[in-house]
1. Which value in deg cm²/dmol, rounded to the nearest 500, describes the helix-derived mean residue ellipticity at 222 nm for the chain, given -39,500 (n - 2.57) per DSSP H run of n ≥ 4 and division by the residue count?
2. Label W84 and L294 with points 7 Å out from Cα along Cα→Cβ: what is the distance between them in nm?
3. Restricting attention to the range 3-93, which GluC sites (Glu not before Pro) occupy a DSSP loop and are surrounded by at most 14 other Cβ atoms within 10 Å?
4. May I ask which of K259/K400; K56/K340; K45/K448; K156/K448; K122/K259 have a Cα-Cα span longer than 32 Å here?
5. In the chain, carbon and sulfur make up what percent of the accessible area (probe 1.4 Å)?
6. Could you provide, to the nearest whole Å², the per residue accessible area of the chain with probe 1.4 Å?
7. For the chain, give me the percentage of DSSP beta bridges that are antiparallel, rounded to the nearest 5 percent.
8. By average Cβ neighbour count within 10 Å, what is the ranking of 160-167, 129-136 from highest down?
Amino acid sequence: MTTIRQEDLIQSIADGFQYISYFHPQDYIQALAAAYEAEESPAAKDAMAQILVNSKMCAEGHRPICQDTGMAVVFLKVGMDVRWEADMSVQEMVDEGVRRAYMHPDNVLRASIVSPPIGARKNTRDNTPAVVHMELVPGDEVQVQLVAKGFGSENKSKFTILNPSDNLVDWVLRTVPQMGAGWCPPGMLGIGIGGSAEKAMLLAKESLMEHIDIHELKARGPSSPGEELRLELFEKVNALGIGAQGLGGLTTVLDVKVKEYPTHASSLPIALIPNCAATRHLDFTIDGSGPADLAPPSPEDWPAVIWEAGPDARHVNLDMVTREVIEQWRPGDRLLLSGKLLTGRDAAHKRLVDMLSAGASLPEGVDFTNRFIYYVGPVDPVRDEIVGPAGPTTATRMDKFTEQMLAETGLIGMVGKAERGPTAIDAIRKHRAVYLMAVGGAAYLVTKAIKGSRMVAFEDLGMEAIREFDVKDMPVTVAVDSHGEAVHKTGPEEWRARIGKIQFDL
Ligand code: SF4
């Protein structure tokens, strides 16, 4: 019988979430470095370089890999011979660990959890509660798996129930392109097969915590239908040509994981959950001897990749930019933005369009005439930072506001992550605006370009408030030009044709 003290679990959870906020798993770094070396698409290679350089900067600076520091998901396997010395429930202990981690003064993380999920949706301010899954197993220790799941990828999760005779591979190959690039590839796909509806989802999530080993599997050859499926999906999903950040390229996934469970004779439940460039998970064991000991990785574990904007990148002064200037930009052009950039995301957009619809004036200081807006919810700053990691958020969530914002505010450009949907592209074409993308999963790197930040409006929205950033050489790519041409359409089409393995009409 082992005694597990309350404080040991709490501190281990706190240390673990701090650890994964700035240390990528080494298998992810190695797989991404190999994909970077092999990549032939310049745009995708550039995005991967930013993610790798960002990763090393975060490891050195102990600051988050991404501004979305995730929802805390904790899997516990509790030995049946464990005795607890605790007056809190397991959920309360985990939540206390999450609270300590996310409010750590040296590396404050972003609190992203709102409660209740409908209605007021108030930020709980400490990123609690965590999602806790618990299982009783033989033994006298507690095995812990932590995940800080970013919701750009979680939001792209899919579930279906196929007929037993349906083709699972076809479903995946039809589904992945529909997910767009808001899940920040290159990452992993976790696929849960079988069980019941909720079991399949859980299998998919659990599979994402396995080590990246597809190249070892390739070398030794598959020994089960599940392994054959992994190899087939790995090859075919990459042959879709989606590429890093959806820009078109050779690598979309670094691994495909499959977990199976017996199911009903009439059914084939399938869950698909992607993991993003901010892959964050950790395993450790608590055995009664104190909090888990988490050894830091070595700086040599990161490849010697240097990112620079390159000679073709165009300098843009945001304070002087006009419609005539932006009309010259084409999809794929690389820009370095300098000057003033307003920020705003979901909640701010909702409030702005409600005010516009009611005929009210926008708050003082909120003037979008000939300006750009950056879809971002930054982490709070620590020490001498101007702002914490402030990478782009998924732009499609703002699509429904775009027509009104462009028609009624004088806004001429937007900066965000991944593709735009048809509604937003129509509005961009109609108003001769542009949409630029920054790399998701390279938040700390992007933040180095932010030289000033001031609160402008809606301070009560916390990370969703409207700020004005003063940026210097912020790297972005033209994703939708003023004619409505979109790099997220042309890039993957070009690379799928070049790879030439996916013949059927998706
Ligand atoms: S890498 Fe992309 S999907 Fe992942 S947490 Fe960051 S913004 Fe979200």
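The values are calculated or read from the model by the stated rules, or taken from the named source; none is laboratory data. As the structure is a computational prediction, the values presented were derived from the model and not from experiment. Here the Cβ positions follow ideal geometry from the backbone for every residue, glycine too, while neighbour counts run over all protein chains shown. Accessible surface is based on the protein model in full, side chains and every heavy atom, while ligands, DNA and RNA are left aside. Shrake-Rupley method; radii C 1.70, N 1.55, O 1.52, S 1.80 Å.
1. The helix contribution divided over the chain gives -10000 deg cm²/dmol.
2. 2.1
3. For GluC sites (Glu not before Pro) across the range 3-93 that sit outside H, G, I, E and B with at most 14 neighbouring Cβ atoms in 10 Å, the list reads E40.
4. K259/K400; K122/K259
5. 51
6. Values: 20460 Å² over 506 residues.
Dividing the accessible area of the chain by its residue count gives 40 Å².
7. Approximately 60 percent, going by the DSSP bridge assignments.
8. On the way: 160-167: 11.8, 129-136: 14.6.
Highest-to-lowest ranking by the protection proxy: 129-136, 160-167.
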